[in-house]
Amino acid sequence: EDQVTQSPEALRLQEGESSSLNCSYTVSGLRGLFWYRQDPGKGPEFLFTLYSAGEEKEKERLKATLTKKESFLHITAPKPEDSATYLCAVQIDNNDMRFGAGTRLTVKP
Amino acid sequence: EAGVTQSPTHLIKTRGQQATLRCSPISGHTSVYWYQQALGLGLQFLLWYDEGEERNRGNFPPRFSGRQFPNYSSELNVNALELEDSALYLCASSPGTGGEEQFFGPGTRLTVL
């Protein structure tokens, strides 16, 4: 069965304390892996798309990487405004998008 | 460039009623997707429309239905509302039919009393 698992469920960091979020997946035919950021009560905001193992994308303090079984979202020197829920999603056949449950990140000043 | 818009922002209904939610995609996008995000749960795929046709649906009962209009906007209809239908309903759009990122609207918060 196609499955997406994110860990940890919640992560509390001090401002400037770098860390990584994990997204592991088991799917039959990966068309793309997506990272989104979601603030409470709002729609997800697109961050990155990764298509093949070894691919990396960067945006400000965020860097996403992809292997054949998992993806990491690395956060370097986070700031309080990076606090949000980060969602990972995989797109499989027929545009079916499977989302993980998310990692709730809190960055304390 | 305007993003995905959804209306209404909030909707309160009672059990057994029908709800209609609306979505306008980003200009130039032909695909529209609907998701349900219940409290404490992840996003669950509901429906995908492209060029006016339903292309795929998730594991939801038939009382969840919708349509896409010639201008690519879309409606989600939920009939015979149940308490567990209370959730944030998110619409997303993408340029075409495969592999592209989806851009989300702000959502409609549906509360069923």
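Annotations
- Among residues of segment A:1-57, those that are closer than 20 Å to A:Pro78 by Cα, small (Gly, Ala, Ser) and within 14 Å of chain B (Cβ to nearest Cβ), counted: 2
- Residues (surrounded by 17 or more Cβ atoms within 10 Å (Cβ to Cβ), under 15 Å from the mean Cα position of the chain (by Cα) and away from chain B (no Cβ under 12 Å)) located in segment A:87-109: A:Leu105
- In segment B:12-31, the residue that is surrounded by the fewest Cβ atoms within 10 Å (Cβ to Cβ) out of those that are within 14 Å of chain A (Cβ to nearest Cβ) and among the hydrophobic types (A, V, I, L, M, F, W, C) is B:Ile26.
- Residues located in segment B:32-49, provided they are surrounded by 21 or more Cβ atoms within 10 Å (Cβ to Cβ) and more than 11 Å from the chain's Cα centre (by Cα): B:Leu43
- Output for segment A:55-83, where each listed residue is open to solvent by 50 Å² or more (accessible area, probe 1.4 Å) and assigned to a strand (DSSP E or B): A:Glu56, A:Lys57, A:Glu58, A:Lys59, A:Lys63, A:Glu70, A:Phe72, A:His74
- Answer from B:Thr5, B:Thr30, B:Thr9 - the residue that is touching a residue at least 40 places away in the same chain (Cβ under 8 Å) and under 18 Å from B:Leu113 (Cβ atoms): B:Thr9
- For segment A:1-54, a residue qualifies if it is among the charged types (D, E, K, R), in a strand (DSSP E or B) and open to solvent by 50 Å² or more (accessible area, probe 1.4 Å), and the qualifying residues are A:Arg12, A:Glu45.
The values are calculated or read from the model by the stated rules, or taken from the named source; none is laboratory data. Just so we're clear, the structure is a prediction, and the values are computed from it rather than from any experiment. Note that we place each Cβ from the backbone using ideal geometry, even for glycine, and neighbour counts take in every protein chain shown. Note: areas computed on protein heavy atoms with side chains; ligands, DNA, RNA excluded. Shrake-Rupley method; radii C 1.70, N 1.55, O 1.52, S 1.80 Å.
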